[in-house]
Amino acid sequence: MRSLIAGNWKMNLSRAEVRALLESLRAASSSWDAVDVAVYPPFVYLAEAAEILSGSAIELGAQDLYWKPSGAFTGAISGPMLRDVGCQRVLVGHSERRHVFGEQDEETEQKIQAAFANGLKPTLCVGETIGERENGQTEQVVERQLQSGLEGCTAEQAKRGLSIAYEPVWAIGTGHTAKPSQVGEVHAMIRAWLTDRLGAEVASETPIQYGGSVKASNVDQLMAVADVDGALVGGASLEAESFQRIVEFQSV
Ligand code: PEP
């Protein structure tokens, strides 16, 4: 399977900075033949990002979506709107949506279904807090998040671009990367869960990304772990050279 390296820009960057970063990535992307690359800018920059990335192999995604197509939902952005501005992908259930904005497991299921209904490739983000890990609940929490988010997901839908991002909450934006052994254990569990739920063929074709303080200096080590099929990168994706090095799996 091809690796999927994605940059989640969160609520960062000015319009001028977004433009400059996209231009640099676009220029570098002509040599990124062996890897799938996606970026997730803030909503307000998506339309312009789509224009800059047009014709390049870099896919554009949104950081969230609401499951209703339109209506009285102040502040929300729908799947049809994301398609309309040129998105191909969307993140669902990122830990900041869950822990800062109180997103519930059931909402992730509706969002995954809305993504598929609108031809968007969803990445379901899962991961335990430090307290849950210390209480030995990692597997239980990740399984619950998979079960809820993918409750209605069929094998046919999954083949249309589902990916999973394992992002331990304690490793996101903290500089504390999970150890390769910790990453390997959870990724193997996710692969087994996918096999059981959607079949071996779909499970083997569904990228499982790791996220949590990935940078150019640790990407080699993390990508070498079995069942790690890519990375979801936050902080280190905000700067062209560092993201480029991650995409190219180069250590500093
Ligand atoms: C993320 O936002 O998904 C993430 C993993 O952030 P960081 O790389 O900054 O830890």
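Values computed for the structure shown
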item: Residues whose placed amide H lies under 5 Å from that of GLY230, excluding near-sequence neighbours; result: LEU4, TYR210
item: Least to most buried among VAL183, VAL247, VAL35 (fewest other Cβ within 10 Å first); result: VAL35, VAL183, VAL247
item: Principal axis dimensions, the range 3-247 - Cα atoms, whole angstrom, descending; result: 45, 44, 34
item: Modelled label reach - ASN135, point 7 Å along Cα→Cβ, the range 100-114 residues with backbone N closer than 20 Å; result: 100-106
item: Inverse mean reciprocal Cα-Cα distance (Kirkwood Rh) of the range 73-168, Å; result: 13.8
item: Over the range 5-101, equivalent-ellipsoid semi-axes from the Cα gyration tensor in Å; result: 24, 14, 13
item: Residue order, fewest to most surrounding Cβ atoms within 10 angstrom, among GLU134, GLU239; result: GLU134, GLU239
item: Shape category assigned to the range 91-221 from the gyration tensor of Cα positions, a/c cut at 1.5; result: prolate
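Bear in mind these aren't lab numbers, they're just calculated from the coordinates by the rules spelled out. The structure displayed is predicted, hence computed values, not measured ones. Cβ coordinates were reconstructed from backbone atoms using ideal geometry, including for glycine residues, and neighbour counts include every protein chain displayed.
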